[in-house]
Structure formats: C-alpha cells, structure tokens
Amino acid sequence: MTVTQPILGSTLPKRPSAIQRAWESFAIVFDSTVGTVGVAMVAFWISVALISLVWTPYPANATDFIQNESPTLTHPLGTDHLGRDSLSRLMVGTQVILVKTRLPDELFGYTLPFGDWPMPVGVAIWGVLGSLTLGSLLGLMAGYQGGWHDTIIMQILDALIAFPRIVLYLVVISAMGQGDLVVILAITITGAPGVARLVRSLAMDIKTRDYIRAAETRGESVWYIMFWEILPNARGPLLVDGMLRVGYAIFAIGTLGFLGIGLPPPDPDWGNMVNEARPFIFVTPWPVIWPSIAIASLVIGLNLFADGYREELTRYQK
Amino acid sequence: MSSKPVLSVKNVAVAYKIRGGEIEAVQDVSFDIPRGGSQGIVGESGCGKSTISWAIVNFLGSNGYVKRGSIKFQGQEMVGKEGEELRRLRGDQIAMVFQDPMQALNPSMTLGSQMKEVLTVHRNMSGKEAEVRCIEMLERVYMPDAANVMKRYPHQISGGQQQRVVIATALLTNPALLIMDEPTTALDVTVEATVLDLIAELRREFDTAIMYISHNLGVVARVCDHVGVMYAGEMVERGTVEEIYKNPTHPYTQGLIRCVPKLGADKASSVLYPIRGRVPPPNNRPVGCIFGPRCDYRQVKCEEERPALRQFPNGQSVRCHFAEEVDWRAWKPTADVLPPQIATKTGQTPILQVDGLQKYYTAQGGSIRDIMGLNKPRYVKALEHASFSVPKGSTLGIVGESGCGKSTLIKTIIGLEGSTAGDAQFLGVDITTHLSERDESTIRELQMVFQNPDSTMNPSYTVGQQIGRPMARFKTVPKNQIRAEVVKLLKAVRLGENYIDRLPSQLSGGEKQRVGIARALASSPDLVLCDEPVSALDVSVQAAVLNLLLELQAENETTMLFIAHDLSVVRFFSDYVAVMYLGQVMELGPAEAIYAPPYHPYTEALLSAVPIPDPSAQQKRIRLEGNVPSAISPPSGCRFHTRCPRKQLLSDNGQICETTAPPWQNVASEHHILCHIPKEKLIEFEPVIREA
Amino acid sequence: MARFLIRSFISTVVTMLLVSMLLFFLIDIGGGDVTVKILGIQATPEQRESLRKQLGLDQSTVTRYATWLIGNDWWVPVEYPIISVTNIKTGENEYWADVNGQATRWMMEDGELFALQRQPDGSTVKEPAEVWQNDSKGEIFWGLNNANSAVKWVRGSGEVVFIKTAAGIREEKDGPSQYIPLSKGMLRGDLGRSMRTRRPVAVTLWPRVRNTAILAFVAFVLIMPLALFLGIVAGINEGKPIDRFISVTSLAATATPEFVSGVFLILVLGIWLELVPPVAVFLTDDAIFQNPEMLILPLLTLTLVEVGYVARMTRASMVEVMGAPYIRTAIIKGMPFHRVVIRHAIRNALMAPITVIMLHVNYLVGGLVVVEAIFGYPGLGNYIYDAAIFGDFSAVLAAAMITVIIAIITRLLGDLAYTFLNPRIRYS
Ligand SMILES: Nc1ncnc2c1ncn2[C@@H]1O[C@H](COP(=O)(O)OP(=O)(O)OP(=O)(O)O)[C@@H](O)[C@H]1O
Ligand code: SF4
Ligand code: SF4
Ligand SMILES: [Mg+2]
C-alpha cells in the first residue's frame, strides 16, 4: 500500500520540559492585573516569612522596651502592651502559617526524630494540602463511581458541611487540645467536604468525555481512571480552590488565635496579637492595626491571586 | 429581481478585538436580499457566517465591531445603530432563529409568555389579543395542541416542536427580514425535513426576506434561491442555487461538492476528494488569495494579489483570478488527495455474531410509590432483539435517529454496558458481559473511535503518551520500543513524527480524530467500533478522515461497526447497513440493497428526508408525523406503527401492525426487512430519489 | 418533583442523625476530662472518679448516645414510672418517680432509705421507706435521687461519694453505687443538662438562641437585598468600572476576618468618629432590648463579611445567565433591557446561588460566634464558645446541634426554593 495522503506538520517545535509547562500554565495569572497584584501580595508575605527565619529586628518575645509606643525609628511599627517590638512579632507571626510547622516531641506514643526541628511549610498550607488530598479522593469516588458510593460519601460530607465551620473548629480543638497538628487536622476536616464537592462535580463532567470511554474500553482500573485520567484535568480549578482555601485557612487560624484557641505559643500569632492588644486600643491602636492589616492583606492577596488565575483559566479554555 | 432590496450588505468587514490585537472574522462580504428572496450562506465552521448575521442586528458583543462597509436594512444604515431605534427593529422588523432551540428558549418562562411579549412590547397588544394571535401562529406552524403548548415550559416539548415555537415567535410580527442560523442542525433528519418544509412553505406565503445560514449544501438547496459560499471570512462565490450546484466555479466550491458523498454512492464506485490542508486561522491568512495554499489552480498571481469578487454575465460572482479558466469537469485529482481504491467486502467468515441482544435500563419513576419501590420497576427498552453477524474485514453501518439505540448497541458490544438478554459472540468468545468480566485479550481486540474530536483526547497528555498507553497496558510492545511504534502509527494516520510530543490543545479537530484512530489501532484490534467518527468534523476534513479509515481497514483487515446519522456517509462507508428505530433493527442488508427498493417503510422515510445538494434531483416526499414514542412503553406490535405512512397498504389499515410483531422477511440474499407488508409489495415501491 | 422533595427530606433526616453521631463521638473520644474543669486541679482522683459516675460518664458511649437521642426515662431499671414535674421555684423540669400517684424521690441517710414525697406546694415530706429488694449481691434498690438521676443503692455498702456544692466538695458516706442521669432525649425535646451547672441546658440556651436569632435575622434582612442588588448590578455591567469596583470591594470585605473588620469598625466608628459606643457591655441576656443601638457594630461587622460573599455568588451567576443564548434571544426579540434583566435573567440567575446562599447560613452562624465574642454579645455563638472552652460536653452538644439544625433546615428551604424556581424540577 502506498502512502497516498501527505504527512502533516513535519516542522513543529520541540516540546517544552515539564517544569517549563508547569510554569507556563501558572504564568497566565500575570495576564490579569488583579492576579498580578495578588501574587505580589502573597510573594511579599512569603519573603517576610523567609527573612524572619534568619533575621528580625529584635527577638519576637523580648519585653525590653517601652510599652504601647507608637511607631518610631527604632521600632518602626511601635511596641505592644508588654513592650514587645511589633515589627518583629509581625514578621515571626508569618512563620507558622506559611513556612514551618512545629511538631510535638511525641505522636501516638512514638518519639519523633529531629528533636526540636520544625517541619518545613506552614500549617495553613499543610491543612489545605490535607483537605485537597482527602477531598479529591472522596470527590473522585463519589463523582466517577456514582451509585451508592456517591450516596454514602455525599451524605457524610453533607453532615460535615452542615456544621458551621467555626463550631467544627471549636469542637475539634476542644476535643483534641491546641497544637499545630490539631490545627492542620481541623483545617483538613473542615476543608475536605468543599473540595470533595468541587472534585465531584468536575469528575461528573469529565467522566462524560470520550477519553474516559476510551480508557474504560481499554479495561483500565477504576483507580487508574480516577487518578490518571480525571484528576489531572481538574488541576486548574483545584489550584484556584486550593489558593482560596489557603486564604480561608489563614482567616480561620487568625480567628482561632483571636479566640485564644489557635496556634500555641511561643510563636506570636496574628489573631492573638489583635486580641491581646484590644483592651489597650484607647491607648494606642497600632498593635491592633498591624496584625489586622497583615491578615487582611495576605488573605485578600490569595483571593485576588485565585480570582485572576480563574479568570485567565476560563479565558484560555474558551 | 425586484426593485429595492430588503437587506443590502456592502463590503462588510467585521473584527473582534482580542488581547494583543484583533481578528477580522469577516472580510469584504457583499450581498443583497430582495423582498421574498432567500439567500443561503454556506461555509465551514469559523468562516464567519454567524458573525455576519450578528453584524446585521448589531449584536457583536463587547469586543466585536463592523470595521468597514455598510449594512442597509430597508434603506436605513444598520452599522452603528443603537439604543431605542435598534431595539424597535429587532424582533419586529428583523427576527432571528438560532441553532439550538432548547438553548434559545428561556427555561423558566412558559412558551406562551415568551411568545406574547413580542406582541405586547412591539405592538402594544393586550395580553388577550396577543394570546389569540400566538395560538394562531402556532397552529400556522402545525403545532399540535397549540393552546396547551402556550402554558408549557420549553423542556416539556420536543426539539422539533421547540424550533417550531421559535419560528412562530419570529414570524409573529411579520418581519421584513428573517435570519436563520443553522436552524435545523440540532435536529434529527426526519424532523429537519419537516421543519425545512415548513420554512419553504412560509417563505412562499409570507413576503419575508430570508437569510439562511448552514454548513450543509443540501439544506440550503432545499430552502434558498440564492447562495453565497464563504471561506475564511470572505464570500468566494455567489449565485443562484441552480448555477452554483451545477456549475461551481470557485475552486473551493468545487472542492466542497467533491468531498461529500452523494446519497447512493459507495466506496467501490466513487471516491471522496478531501480539500488538502486546512483553513488558515483568522490572524494568519495568506497574502494574495486566501484559498491559495489549498487550491489546485494556483498561479503566481494568486500569491501576490487578492482576487476581487467579480460578477459574470450569468449573474454568478466569483472571487478568483482565473474563474474563466477553471473548468469543473476537467478537474483531475492531484496525487496527494487521491484516495484509495477499495472494494466492498461481503460474505466471509463472521467475526461478530449477535443474536437477540437486548439492553434495558431501569427507569426512575417520579411518583411516591415509585420511590418507595411499590410499583413494578419500569425499564427503558433501549435495545431489543438485535441480531446480525459481521464478516471479517467488512463494515456494518448503523443508521437511525437520535435515541434509536445505536450507541447502546455499540456500548453493549464493547462492554461499557452489560446486556440484559441475548447472545453475542466475538470470534466464538461470549461478549454479553460487562468489560470488567472480560479477559484482557478480548478487551484488546475490541476498540472504539469516538465522535467528538474535542473530547476524544485527554487534554493533559501528549499524543505520544495517549497512543502509547494501550501498548503499555496490553504489553503488546516492549517498553523501550513503544516510542518507535507510536511513530509508526502516527505515520499510518498521516501525522508526522513531531506530533508525538504535542498536546491536544495544539491540534485541529481532524488531527485529534486521527490521533483517536491511532489510539484505537494501537492494540491492533480485530474489531473497531466507530461512533459517529466524522460527524463533528467539517466536510473537507471529514473526507480525509473517511479515506484514512478506509485505507487502514484495507491494510489491517479490520472489521468495523460504523455509526453515523448521515445516510450518505454510511452508504459510502459500509458494506452492510442496519437501520434502527426505537431500539429495534428494522432493516438489515448489503448497503446497496438498503438504498434501493424494496425498502422498509421507515428506511424509505429516512431516505426521503435527506437533504441532497442537487436542486434538480427529484425526491419523494414522505414525512413522519408525531414524535418518537417513549422507549419505556414502546408501541405494541410493530414499534413503528404509530408513525408508519405505509401501513394503509395492509388490509384494515394495518390493524395487524398494532397487535402483532412483524416477521423478518428475507427479500433478497442477505437482505432482511421487519414488516408485515409482503415483499412483493415492498418491491413495488418507487425509488426515493431520482436524479435528473 | 415528589422524588426531589422526598429525597431532600430523607437526606435531611439522615444528615442530622449522622451529624449528631459525629458530634457525639468526636467530643466523646477527644473530650478532655471535664471533671478537672469542674472540680479544679486540686481535686483528688477519687473525687474526680465519683463525679464521673455522677455525670454518667462511666456508661458506654453508645448507651449515652442513645440516652441523648431518645432518652432513658422509659428504660432505666426503676420499677416505678418516671414523670417530669416543673419545679415551682426555678421553673426547671425535674424527674420524680410515680409511686401510686405520689411523686417520690429517695435519699439514704445512715444506711437507711427515706422516701421524699412531693407536696403540691413543691416542698417534700420525708418518710422512711422499706423498699430494699434482694439481689444476688445483697439488698439493693433502684430509685431516683434529688439530682435527677436514677441511682442504685446497695444496702450496707457505705459507698463514699463526693458532691460538688457551691461551697466546695462535700464527702458523703451513704452514696449510691451507680448513677444514670435521666433524660428525655433530644428527639423528645430535651436538650440535656449542663455538666457544669447541672441545670437543663434549655434554660440558659433559649434566651441565647433568641438573641442570636434576632441578630442573624436582622443581618439576613439587611444583607440579602443589598447583596443581591449589588451582585445583579455588577453582573449586568460585567467588566465595567462599576463591576470592578463592586467585585474588588466585596472581595476585600469578604476576605477580611470578622475580628479584623470588627476591631476596625470599633476603632473608626467608635473611637475616632465617636458615632457609636465603642464598647457595649451586655450585662444580662435581655440587654439588647434595652439598648438596641448596641446591635449596630455587630450588625455592621456581619454585613461587611457576608454581603461580599453573596454578592460575588450572585454576580457570577448573573454573568453566566447574561451570556446565555436565551438572553440573546430576548435581546434580539427587541425586549427593552430592563425587561430582559427582570423577566428573563434574574429568575434564572437566582437559581444557582439560592442553594449556596442557604448553605451559607452556616457561615453566618460561624461568623456570629466570632462577632459575639468580639462584642460580648450574649448569643448562641458565645455560648458554644464558652462551653467548648470549659469542655461542657452536653452544652456544646446541644448548642452545636441547634446550629446544625438551623443550617440543615435552611438548606432544605433552599432546596424548596430551588424546586419552586426551576420549572424543570417542578414539572417532573
Ligand atoms: N466574540 C468573539 N471574539 C473573538 N473572536 C470571535 C468571536 N466570535 C467569533 N469569533 C471568531 O470569528 C470567526 C468567525 O466566527 P463565526 O462564529 O462567525 O463562524 P461561523 O461560520 O458561524 O462558524 P460555525 O459554523 O462554527 O457556527 C472565528 O474564527 C471565531 O473564532
Ligand atoms: S485566485 Fe488562484 S488560488 Fe485563489 S482560488 Fe483562484 S486559482 Fe485558486
Ligand atoms: S409492520 Fe406495519 S407499521 Fe410496521 S413498518 Fe410494516 S407496515 Fe409499517
Ligand atoms: Mg455559527
């Protein structure tokens, strides 16, 4: 048999590497003004967190200074009611949220290695990763497998969703006590139902596509289809959702801190800083203002980021 | 042609602003429509057909604008018209009908209120008056039970009826111009035929000028007197329907006509000639003639100078430098579009044998008793008593309207659904079970090609990964040789080696479909099931993909089941054809036998509904009444009896059809018809189409 | 439609059941030792153990769950019917045994049992009781004590128990050897007794629920029209400056935690502009009726956070609907713009957010917890917070269950509204 039709496209460029592709798919966020602003805000706080790991103007818990001082040259953001440097506390406050997680010495009876060394990446991020993982698993099972899987999973998730979020936090924390890992767990549990609903609806849409039929007619296993055929195509919305959830998580951690049941000391906690300084608000508002702005700007930044990214994503899909 | 045109489009160019520039979706289009005239616009997708219609009503969205030219409606300039003045014209003087009636109607308003508001707003009628007028109009478009329909919501009536409502709404104010954008594309062929009849009839009766957009030459031939052919934003040829179809002058028009199979043509006696290459994207059009890169007559001048639309003495206008020299009859295919020569295959050892195959889905009832499980469970009888066998290396085509069970049949055979009764064997192995219960070797031997190019490939993986996966999964190829094997397959579907690392988003529809075919072939299956593999493609691409499938089939001796709703394509592609209606095979036989008498009455109706791109052909007019009955409680006796136009031929007006299931009659060797009418009478039916 | 409604209803019931189990077991497994909180850290292990028994914490979790859900007054091993009587002085419910028409409780003194017979005026008459029954372990009696528990006395066992009183911990010699705190169960309207105060939860909880309901209702009435209006305005002006403005502002407002916006509002309105009292001290549960202006700051805070969320949902839905083909049809039919928006778009655009908005009542309640904490508002949120911090198991349970019921019922309402708005479901 002779080749009768021409071979198409022999001069296509080479495929970019996986990292390049990942970056390219991320970089679309810079097409959106809103998204770019968001990225900048988030990047700012991450840099602050990283810098604070190696340098702060003063030790965060040192009480050596004049109390309730308004901003001066030596204390650019002023001091709080115990005479601690607000800037240093603000900087250190980013750490547990964004870049480190303090592990207990012992977990379920096992002594953890590495002694006092914290685990990299902050509580908010671990919590969101947790809910993304758990939620994706449940959502995929409910959405792709359908039937009684769907009924049971959704029923349980509905039950979880029915809890006002803060109440769930309160219950988890009153049940398990304070600690970085407990906060991670609480974020995971409160976030998973939402992720699962999202992934479920995505999976129900994606599973109608012909390429899923193709995989099924190849006799692929349910797990292969869920994790290799469906999940990769949900990554855009999942990234957006994850971003928003990091925002919620920081929001929630701040709130818990404000209520006095958030991340345990000794590291300063923004929510708690607001709470402690509140009674002195008539003396000086600064110690309340700074952490408030910090939380708001970080959460807003993440939201803008997610918004911009989503906008560009839908545009590129059109 | 009468005095002043209703619509006069002059040298219009429309552009859409996009990030980093703009694209000219329409460049230099001109035409006039006189009172009572009907102008067809045909072209492949993305050529700017819809854009023109949006430009006329000045509804181009926030990023579109008319860049040049003028659009005059009854002498008034429409370009730049805005506000109240524009609003008063829309819906009153100019009405539009769109492709998908389900989408075009508001799901949460009754049909009546959606119709009436046209009159109450534009004509200041009272609700009562408007109601009367609407019912009249619904009756005018042959809507059964018109008064009742007014109270219903869109989802409560069928697609064909929805489109009637939309058309009735458009005609309420007796508009001077009616724009129709693919009004029948979403409809089944028999429904389409009735809607087209309606449009043709209304056209004669109302003095409305019609602009009719379609991608289907046959449809335009049925309802228009003039037609303009568009290519990549330009109108390349314009003239009367007769002239264009008989004497296509522009090389593109010629190509279009050559690349669709004629109804009745088969792969042994005729060939399809795809147009080579693909439509240039709007922001990357060639200088000179836009069609140049795909044109067989191209000369140096074509690359340098853009041809103008020139009018010829016979009234035809053509945008080609060499229009006088291009002779449609003297055309010879060049080597690169020459398709394979293929003989029809019949009568070898069967590879697939299906006997009485049945598939029921459980239906969900709505009443409280249903939910409590008190009522007997009801079933959607999606497939009933399917029996046939397919010889090795041949193709069985399956035709029928949407919902007739074509896809269920294929899904049951491939194992996406387990069957509920009956027997099916593939090379002697039982395949009535669900996929998960089949062994690997059977799974490997049955593969599928899908309809929608945009969803056939997983957007997250490269071409190479997707074609390679079946090889890795079935371990038919050692790991280190997969890449080499993928390259081979790519070559086989005429794609270059460089495609291996492409992502689906970087491919055109036709290319994706080729990759889908390569993936299906990767495990070297013996049986490939094709579910409408070309129906989502543009005609010029469709021809190439069909040719490719034919070629690969001949090369590998693959057996195929081929579903399509386009009867010409099925006829062209298949050796055997099964005609299905409401879950049941009605007629089965060699392809050529199906398309000539004796016919099953349903087949006859289907054939007479097909729009053919030849205005001079004589086509018998048989129209089916009513809707397809529900598959939950299909009619007793013959499932077709509620709509059968032929049952009067039987004594008692076909009483027997309502009570007794018809027998299979063997009307010729291998040709079977499920009908009570004796074969002697069936043979006397006239052929549906007689070419002039 | 029947199918849809029945489905939502069944799902609602199952959800509530699941939630209650989840809540119960979660608190039960994780719950710290409430006895430490009640008795203080100086209490001895024996004292704590005794209190645990009195609270019924020695029973299995499943038994306690069943008790909590359906009550135990009808199956405890007391041979007399158990009746519930309102205490004339406190107005709280008490359990008494119905001994031949006479409401009776028992107590043990110096190894002997006495019956306490309730008189119409609420006082009791104490009489010796000869009710001991023989058991394999000796003489026992199951009766009711004066702390609303079914208890088992064993003759001559001389059980030492510790009783917490306002004055401190009192040791008693003749205590019962087993306690089963009585309850009618959640399903029969008994919210249980607080572990801290031993008083019925309902007594303290209902005023709080009422206060919260007032706050939530006023907030809801303020927020919804405003949010829907802003969302619709932004949606029909997609991409224009007004849309950008509404979107970004509502994003910022939503993304700012309540405690931040609350503190800022205090700072700006209370301290700098002096428009409202910066601190509101709610001394009693009824304080909000005396000083309604105290509601202003909590309301504003809630509104800030919630309006943005709902407005964004509505906007997204509106944008989608305005791009729908049937809106295009309406415009091409020459309908005036206001008619397109009001008749054709809004109804469809509200369909999607309405269920989400109803779901969002959860968040509203969640937000209330914080707002109440900031402003010291005597509501349900504050109640849960206090109870959770104290570890008052039954109070948390009751209050959380109420929030959940509110949430689930609003969701059911959302489903109903959706059914009503969507003819596809209504006529199926
Ligand atoms: N709003 C828009 N913004 C940008 N580009 C657009 C827009 N609408 C259409 N286009 C582009 O304009 C070109 C012509 O589109 P148009 O819808 O008129 O084609 P068509 O002939 O109607 O196609 P089809 O047969 O698929 O309906 C296409 O390239 C399309 O991508
Ligand atoms: S102008 Fe030239 S390239 Fe264009 S259609 Fe005519 S012959 Fe072909
Ligand atoms: S059996 Fe009767 S109803 Fe059926 S197709 Fe034949 S004539 Fe028509
Ligand atoms: Mg179009």
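The values are calculated or read from the model by the stated rules, or taken from the named source; none is laboratory data. The shown structure was predicted, so the numbers you read here are calculated from the model rather than taken from an experiment. Here the Cβ positions follow ideal geometry from the backbone for every residue, glycine too, while neighbour counts run over all protein chains shown. All accessible areas refer to the heavy atoms of the entire protein, side chains included, with ligands and DNA or RNA removed. Shrake-Rupley method; radii C 1.70, N 1.55, O 1.52, S 1.80 Å.
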Top positive-direction residue, dipole computed over chain B with Cβ charges, set B:Ala265, B:Gly428, B:Pro470: B:Pro470
Using a 1.4 angstrom probe on protein heavy atoms only, which residues from segment B:109-142 are buried by at least 40 Å² of accessible area when all chains are present rather than their own chain alone? B:Met109, B:Glu117, B:Val121
Mind checking Rg over Rh on segment B:501-580, alpha carbons, Kirkwood formula for Rh? 0.96
Taking amide hydrogens as modeled 1.01 Å from N in the peptide plane, which residues meet the under 5 Å criterion relative to C:Val151, leaving out close sequence neighbours? C:Gly143, C:Leu144, C:Asn145, C:Ile180
By the Kirkwood definition, with r running over pairs of different Cα atoms, the protein assembly as shown has a hydrodynamic radius in Å of 37.3 Å
Out of C:Met294, C:Trp68, C:Tyr385 - ranked by how far each Cα lies towards the positive end of the dipole of chain C, with unit charges on the beta-carbon of charged residues - the top one is C:Met294
Charge tally in the Cβ shell below 14 Å around C:Gly71, where Lys, Arg are +1 and Asp, Glu are -1, C:Gly71 excluded: +2
Between segment B:142-185 and segment A:228-278, how many Å separate their Cα centres? 53 Å
Report the local net charge at B:Thr194: Lys and Arg +1, Asp and Glu -1, summed over other residues whose C-beta lies under 13 Å from its C-beta. -1
Let me cross-check A:Phe280: its accessible surface, 1.4 Å probe, with only protein heavy atoms counted, in Å² to the nearest 10? 70 Å²
May I ask you to give the solvent-accessible area per residue for segment A:65-213, in square angstrom, as obtained with a 1.4 angstrom probe? 40 Å²
Using R₀ = 45 Å, calculate the FRET efficiency as 1/(1 + (r/R₀)^6) where r is the Cβ-Cβ separation of C:Glu49 and A:His81; round to 0.05. 0.60
Quick one: Cα convex hull volume of chain C, Å³ per residue? 192 Å³
Mind computing the radius of gyration and Dmax over the alpha-carbon atoms of segment A:10-102? Å is fine for both. 20.4, 74
The ³J(HN,Hα) series, computed from each phi in segment C:227-238 with the Karplus coefficients 6.51, -1.76 and 1.60 at θ = phi - 60°, rounded to the nearest Hz and given as x for glycine or proline, is 5, 4, 4, 4, x, 5, 4, 5, x, 7, 10, 3
Candidate lysines for bridging to C:Lys137, where Cα separation is under 19 Å - those fewer than 8 sequence places away on the same chain excluded: C:Lys152
If you roll a 1.4 Å probe over the heavy atoms of the protein chains, what accessible area per residue do you get for segment C:202-421, in Å²? 37 Å²
What pairs from B:Lys392/B:Lys488; B:Lys17/B:Lys116; A:Lys207/B:Lys488 go past 28 Å between their alpha carbons? B:Lys17/B:Lys116; A:Lys207/B:Lys488
For segment B:204-281, what does the convex hull of the Cα positions come to per residue, in cubic angstrom? 115 Å³
So, with a 1.4 angstrom probe, what is the percent of accessible area on the protein assembly as shown that is carbon and sulfur? 58 percent
Rg/Rh of chain A (Cα atoms, Kirkwood Rh), to two decimals, equals 1.07
Roughly how much accessible area, to the nearest 100 Å², goes out of reach of solvent when C and A pair up, both sides summed, probe 1.4 Å? 4000 Å²
Cα pair distances exceeding 23 angstrom across segment C:314-420, given as percent: 49 percent
What average number of partner chain Cβ atoms lie no more than 10 Å from the Cβ of the residues making up B:448-456? 4
Treating the Cα atoms of segment C:202-421 as identical point scatterers in vacuum, please give the log10 of the normalised Debye intensity I(q)/I(0) at q = 0.11, 0.12, 0.16 Å⁻¹, two decimals. -0.62, -0.71, -1.08
On a straight-distance basis, which lysines could pair with B:Lys647 in a cross-link, Cα separation under 30 angstrom, same-chain partners fewer than 8 positions away excluded? B:Lys262, B:Lys359, B:Lys381, B:Lys406, B:Lys620, B:Lys679, B:Lys681
Options C:Ser149, C:Ile163, C:Pro128, ranked by Cα towards positive dipole end of segment C:124-177, top entry (Cβ charges): C:Ile163
Rounded to two decimals, what is Rg over Rh for segment C:42-190 when you use alpha-carbon atoms and the Kirkwood radius? 0.95
By accessible area with a 1.4 Å probe, ligands and nucleic acids excluded, highest first: order of C:Val233, B:Val628, A:Val283: A:Val283, B:Val628, C:Val233
Would you mind getting the accessible area per residue of segment C:20-146, heavy atoms of the protein chains only, 1.4 Å probe, in Å²? 52 Å²
Looking at segment B:526-634 from every direction and averaging, what is the projected area of its Cα convex hull in nm²? 8.7 nm²
Distance in nm between label sites at B:Ser30 and A:Asp205, each 7 Å beyond Cα in the beta-carbon direction? 4.6 nm
Cα convex hull volume per residue for segment A:123-261 (Å³): 97 Å³
Lys, Arg +1 and Asp, Glu -1 on Cβ, resulting dipole of segment C:202-421 about Cα centre, debye, nearest 20: 1180 debye
Please list B:His215, B:His676, B:His385 from largest to smallest accessible area, probe radius 1.4 Å, with all protein chains kept in place. B:His385, B:His215, B:His676
Give me P(r) over chain B, computed from all C-alpha to C-alpha distances, binned every 10 Å, as integer percentages. 3, 13, 22, 25, 21, 12, 3, 0
Accessible area buried, both sides summed, chains A and B with 1.4 Å probe, Å²: 3400 Å²
What is the distance in Å between the Cα centres of segment C:184-215 and segment C:291-340? 37 Å
Highest-MSF residue in chain A out of A:Gly301, A:Gly147, A:Gly247 [GNM, Cα springs under 10 Å]: A:Gly147
Lysines within cross-link reach of C:Lys37: Cα-Cα under 20 Å, excluding same-chain residues under 8 positions apart? C:Lys53, C:Lys164
Using each residue's phi in segment B:310-321, evaluate 6.51 cos²θ - 1.76 cosθ + 1.60 at θ = phi - 60° and report the 3J(HN,Hα) Karplus result to the nearest Hz, with x for Gly and Pro. 10, 8, 10, x, 6, x, 6, 10, 9, 9, 7, 5
Grab the other residues whose beta carbon is less than 15 angstrom from that of A:Phe30, score K and R as +1, D and E as -1, and report the net. -2
